[in-house]
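Notes follow the structure.
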Amino acid sequence: MCLFLELNMRGTMNTVFTFSLSLILLMQVHESHSQTLSFTTETVSIPETSPPGTVVFVFTFSPASSIPTINCVGSSSCSSIFQLRATGTTATITLSSSAVLNHKITNQYTKDIYISYIVSGTTVSAQARLYVVITPAPKCDKLFASAGGVTVEVLQNLAPSSIIYIVNPADPNPGSYKYSMTPEKPFGININTGSVTSPEKGFSGPGSFKLSITVNGMNGTSCSGILHVKVLPVETANVTFPKSSYAVSIDENTGPGASVMTVLAKGSDIYYQIVPQTSGGYAAYQIHQRTGEIRTTYNLDLEANPHLNSTVFLVQAYDPIHKVSATATVSITVRDVNEFPPVCHPALIVAQIKESEPIGYKFPSDDPVKCVDMDRMDSSLTYSIVTNENSKDKFRISPQGGYLVLNSTLDYDSYEVANVNFLYTASIIVTDNGKPPLTTTIPVYITVTQVNEHPPVFSPCPQAMQVNENAPLGTVIGQVNATDRDWPFNNVEYSIAGGAGNNPPKFYIDPRSGEIHVLSHLDYEKQTIYQLKIKAVDMNQDISPDPQMQKTAFCTVTVRVQDENDNPPVCKPPYYEELIYSTLKTDVGITTIQCTDIDTPIEDLTYSIVGGNVNNRFTMKGSALCSRNAFSFKTPGVYDPTDYELLIEVKDKGPPVFSTTATVIVHVVPWTTTQPTTTVKTTHRPRPTKIVTLTVFEWVPDTWFVVVLTVAGALLLLALALLTWKLLTLTSVCGRAPIEATKPLLQDSGGQFRGVFEDAGPTSPSNLHQQSSPPPAADKEIPESPLSLQRFDGRAQDPITGREYIFNSVTGQRRWL
């Protein structure tokens with residue numbers, strides 16, 4: 001018996017997910033009998049518009065005596081949608097007469113198909129799985145798709161290329177459908193929107209036309225319908241609009257049901273309606289069926305729905321008695337209204353100004369006031385300032401906003417400023433030019449601060465340091481020191497203002513200690529000296545720190561980089577190719593290797609052949625490759641190759657020694673004719689494909705075994721816990737308290753006993769030492785007189801040694817028991 005558990009998750013286009021849990025039990029099959037299905041797993045797709053009776057899947061089975069059955073996984077309605085019919089050994093799955101497919105509700109059905117029969121009292125079965133995927137398809141209007149189709153009546157004098165009908169699928173998906181029409185002339189159709197238009201040259205007279213229109217969707221799906229166009233003579237009752245188009249502008253946020261405009265057509269007993277469009281903007285409006293008044297459907301908010309700023313749709317006026325109609329185009333523009341006050345940044349100004357700032361000083365300089373009108377970005381704003389009695393005439397604001405300006409000097413050492421805790425308050429009022437005008441208030445809080453007097457001083461300055469070019473990152477190469485006479489003393493922060501290199505900088509200075517560290521790799525060959533400009537800034541030298549109040553000092557530190565050989569030679573080019581004749585004389589130069597080393601002079605580079613020198617035919621003389629022995633192309637005898645790939649190793653002087661390798665390809669042309677060789681054709685036999693089947697056996701325990709194993713494990717853990725607890729109780733940490741701990745507590749002066757959980761007072765290092773090292777005579781009981789014990793009013797147990805002691809809660813004095 002084999003047991004398989006499958007978890008299948010599927011999601012629809014509307015993010016509705018269906019979970020199916022299928023438990024398939026395959027019974028053991030008698031070896032002398034076999035049952036088969038023509039498939040094991042299959043996936044088929046059908047459009048959601050498939051009619052009842054559509055063949056979904058056909059399969060065969062054996063033996064004929066077995067009866068195929070369908071089990072739908074994860075869907076209770078599957079059995080009412082599909083039906084299975086078997087004839088002989090062939091089975092067909094079709095859509096039932098009540099089948100209704102909708103890919104938005106269920107886009108996939110999973111079915112397990114079984115066959116079974118009984119042999120010698122044993123049930124033999126087989127199983128396969130079929131996935132039926134429902135694909136979306138356009139759905140035409142029922143009347144439009146019916147046999148009779150839709151009839152549209154128009155007047156003979158209708159303007160050419162006027163829209164007379166718009167095909168609207170029941171499940172619109174703008175942009176994904178294409179429309180076609182038969183016949184293509186004289187009427188026209190927009191292949192993207194489905195708008196049917198009258199002939200380009202108009203109608204020549206009354207008549208009737210039959211148009212077949214097809215809506216093509218994705219995956220080859222489509223729907224079609226019939227449009228009958230009846231052209232009526234002008235003499236009959238007709239409906240006309242005074243104008244072919246209307247335009248109106250309205251304000252936003254007028255609420256639902258707000259009146260927009262009224263369109264009136266000429267005729268008798270006229271009804272009005274809005275012709276549906278592929279775009280959804282027309283849904284924001286509705287028209288009264290009899291009066292032609294157009295109103296808003298819901299509140300029009302351009303901030304929430306910016307696409308409603310301009311909407312164009314068709315209004316149809318029709319006479320249901322005479323079957324005549326006319327259309328007019330309505331364009332509605334929604335104007336943005338003033339509904340938001342100016343938005344300012346920052347919303348709150350908190351500034352600190354030195355008492356020595358001159359008149360005309362502007363603030364905040366680092367974050368000026370910026371205001372915008374969310375209704376109209378190009379709206380002009382008006383700025384004004386409101387002050388109280390203390391800040392009157394102290395400040396003004398620039399007409400364009402942005403900055404506050406001092407009108408008079410702010411004196412820190414004055415009673416007026418001290419009385420308000422050195423704080424001035426004001427408000428900036430920003431007003432837009434909308435109707436009605438809206439305002440925003442920006443609170444302003446200004447604190448006057450003291451002045452920093454003394455700058456930092458470096459000692460010594462300048463300084464010189466040196467570092468090896470291969471020094472590890474983080475190496476400390478030296479330290480600078482600066483002092484400051486302002487309080488708090490020497491509260492200085494260091495930084496490197498220049499000279500440390502860029503991307504990334506080579507050095508880093510600890511901002512508090514002044515130690516200079518190596519931050520990135522140094523290269524003597526690129527730069528040997530760095531002139532570091534060290535900056536020292538005093539910190540917290542005023543009431544409220546301000547970068548403009550801080551004083552700085554600079555010191556030049558010269559860092560010299562010590563050289564070390566750390567670059568290999570570089571050959572340009574690294575590859576050479578030469579052609580020589582086999583009669584070339586000995587010690588004749590073939591080519592010269594061009595190599596350089598930024599650490600080593602060119603004349604100190606050494607060259608040697610380390611590979612490819614077959615029969616030792618080449619040698620190096622300096623950087624020149626030369627021939628060494630005459631080539632041999634005699635058979636029998638030594639027969640040299642005609643192509644040599646020589647590897648030339650180039651080393652510098654070091655230490656340490658670095659090397660690189662250049663490649664020289666030498667083509668040797670034999671001067672004498674060599675004996676021809678015989679070409680032997682080798683026949684390659686094709687290797688047969690070998691199929692290896694690997695069977696993996698897996699043991700799945702029964703449920704009772706898992707339960708028994710879990711209970712046994714829990715009992716084992718419980719036994720281990722009890723054993724651990726028993727062992728811990730035998731130690732001094734978890735053992736019982738000594739017998740003395742059960743004795744009555746000592747009385748305090750009031751005759752009441754103190755518990756062992758009372759606080760023994762602060763624990764000092766001397767107390768801990770006393771607790772961990774009991775006195776030598778602790779094992780002897782010393783009788784205490786009642787008078788000597790009256791000064792102790794509590795009893796406790798030492799957490800380290802486990803011994804008990806008495807204590808005085810007032811003086812903290814203790815005594816071991």
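The values are calculated or read from the model by the stated rules, or taken from the named source; none is laboratory data. What you see is a predicted model, and the numbers here were worked out from it, not measured in a lab. Virtual Cβ from ideal backbone geometry, glycine too; neighbours counted across all protein chains shown. Ligands, DNA and RNA are excluded from the accessible area calculation, which covers all protein heavy atoms including side chains. Shrake-Rupley method; radii C 1.70, N 1.55, O 1.52, S 1.80 Å.
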For the range 577-617, give me the residue count where each residue is within 30 Å of T528 (Cβ to Cβ) and either open to solvent by 40 Å² or more (accessible area, probe 1.4 Å) or not β-branched (V, I, T) (or both). 13
Would you call S195 surrounded by 17 or more Cβ atoms within 10 Å (Cβ to Cβ), small (G, A, S) and more than 30 Å from T106 (Cα to Cα)? yes
Checked the range 618-664 for anything out of contact with any Lys or Arg (no Cβ under 7 Å at 6 or more places or on another chain), open to solvent by less than 30 Å² (accessible area, probe 1.4 Å) and assigned to a loop (DSSP other than H, G, I, E, B); matches are S632, D652, G654
From the option list V330, V337, single residue qualifying as open to solvent by less than 70 Å² (accessible area, probe 1.4 Å) and over 38 Å from the mean Cα position of the chain (by Cα) is V330
R295 passes all but one of (1) within 30 Å of P233 (Cα to Cα); (2) in a strand (DSSP E or B); (3) among the charged types (D, E, K, R); which number fails? (1)
Residue check, K266 against (1) of a type in the set (D, E, K, R); (2) over 46 Å from the mean Cα position of the chain (by Cα); (3) closer than 30 Å to P169 by Cβ, all met but one. Which one? (3)
A464 - would you say it is touching a Cys at 6+ places or on another chain (Cβ under 8 Å) and more than 30 Å from D375 (Cα to Cα)? no
Please find, within the range 145-164, the residue that is farthest from T329 (Cα to Cα) out of those that are of a type in the set (A, V, I, L, M, F, W, C), in contact with a strand residue (DSSP E or B) (Cβ under 6 Å, 6 or more places away or on another chain) and at pLDDT 85 or above. V150
Against the definition (farther than 30 Å from H307 by Cα, more than 48 Å from the chain's Cα centre (by Cα) and without any contact (Cβ under 8 Å) to a residue 12 or more places away in the chain), how does S212 come out, yes or no? no
For Y508, indicate whether it is outside any loop (DSSP other than H, G, I, E, B), more than 14 Å from F554 (Cα to Cα), touching a residue at least 12 places away in the same chain (Cβ under 8 Å) and open to solvent by 60 Å² or more (accessible area, probe 1.4 Å). yes
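Can you tell me how many residues in the range 452-464 are more than 18 Å from P547 (Cα to Cα) and either among the charged types (D, E, K, R) or surrounded by 17 or more Cβ atoms within 10 Å (Cβ to Cβ) (or both)? If you could, list the steps in order and put the result at the bottom.
Here is the first cut: in the range 452-464, the ones more than 18 Å from P547 (Cα to Cα) are 457-464.
Right, trim to either among the charged types (D, E, K, R) or surrounded by 17 or more Cβ atoms within 10 Å (Cβ to Cβ) (or both) and you get 458, 463.
Residues that pass the stated criteria total 2.
With respect to I543, is the statement that it is more than 25 Å from N470 (Cβ to Cβ), β-branched (V, I, T), out of contact with any Leu (no Cβ under 8 Å at 6 or more places or on another chain) and at pLDDT below 85 true?
Working: more than 25 Å from N470 (Cβ to Cβ): yes; β-branched (V, I, T): yes; out of contact with any Leu (no Cβ under 8 Å at 6 or more places or on another chain): yes; at pLDDT below 85: yes.
Criteria met by I543.
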Can you tell me which residues in the range 363-410 are farther than 15 Å from C344 by Cα, open to solvent by 70 Å² or more (accessible area, probe 1.4 Å) and not acidic (D, E)? V386, K392, R396, P399, T409
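Out of all the residues in the range 558-576, which are closer than 18 Å to Y524 by Cβ and open to solvent by less than 30 Å² (accessible area, probe 1.4 Å)? Talk me through it step by step, then tell me what you get.
Taking the range 558-576 first, the residues closer than 18 Å to Y524 by Cβ are 558-570.
Selection gives T558, V559, V561, N565, P569.
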Which count do you get for residues in the range 614-656 that are under 26 Å from E564 (Cβ atoms) and without any contact (Cβ under 8 Å) to a residue 40 or more places away in the chain? 1
Name the pairs: first residue in the range 258-269 and in contact (Cβ under 8 Å) with a residue 24 or more places away in the chain and under 19 Å from S244 (Cα atoms), second residue hydroxyl-bearing (S, T, Y) and open to solvent by 60 Å² or more (accessible area, probe 1.4 Å), Cβ to Cβ under 7 Å, at least 6 apart or on different chains? T262/T291
If you scan the range 298-327, which residues turn out to be open to solvent by 30 Å² or more (accessible area, probe 1.4 Å), part of a strand (DSSP E or B) and touching a residue at least 40 places away in the same chain (Cβ under 8 Å)? Q316, Y318, T327
Within the range 198-216, of all residues that are under 25 Å from S50 (Cα atoms) and open to solvent by 20 Å² or more (accessible area, probe 1.4 Å), the one modelled with the lowest pLDDT is N216
For the range 448-490, enumerate the residues that are more than 44 Å from the chain's Cα centre (by Cα), within 15 Å of S513 (Cβ to Cβ) and without any contact (Cβ under 8 Å) to a residue 60 or more places away in the chain. Q479, N481, T483, N490
Cross-chain or 6+ apart pairs with Cβ under 9 Å, the range 575-590 first and at positive phi, then open to solvent by less than 80 Å² (accessible area, probe 1.4 Å): D587/T619; D587/C626; D587/S627
Please work out which one of (1) more than 30 Å from N305 (Cα to Cα); (2) open to solvent by 20 Å² or more (accessible area, probe 1.4 Å); (3) modelled with pLDDT of 85 or more is the condition D413 fails and give its number. (3)
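Would you say I118 is open to solvent by 30 Å² or more (accessible area, probe 1.4 Å), modelled with pLDDT under 80 and within 30 Å of T89 (Cβ to Cβ)?
Criteria met by I118.
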If I ask for residues that are open to solvent by 30 Å² or more (accessible area, probe 1.4 Å), of a type outside the set (D, E, K, R) and under 30 Å from E42 (Cα atoms), which ones from the range 137-163 would you list? none
N168, sole failed condition from (1) closer than 14 Å to C140 by Cα; (2) part of a loop (DSSP other than H, G, I, E, B); (3) modelled with pLDDT of 85 or more: (3)
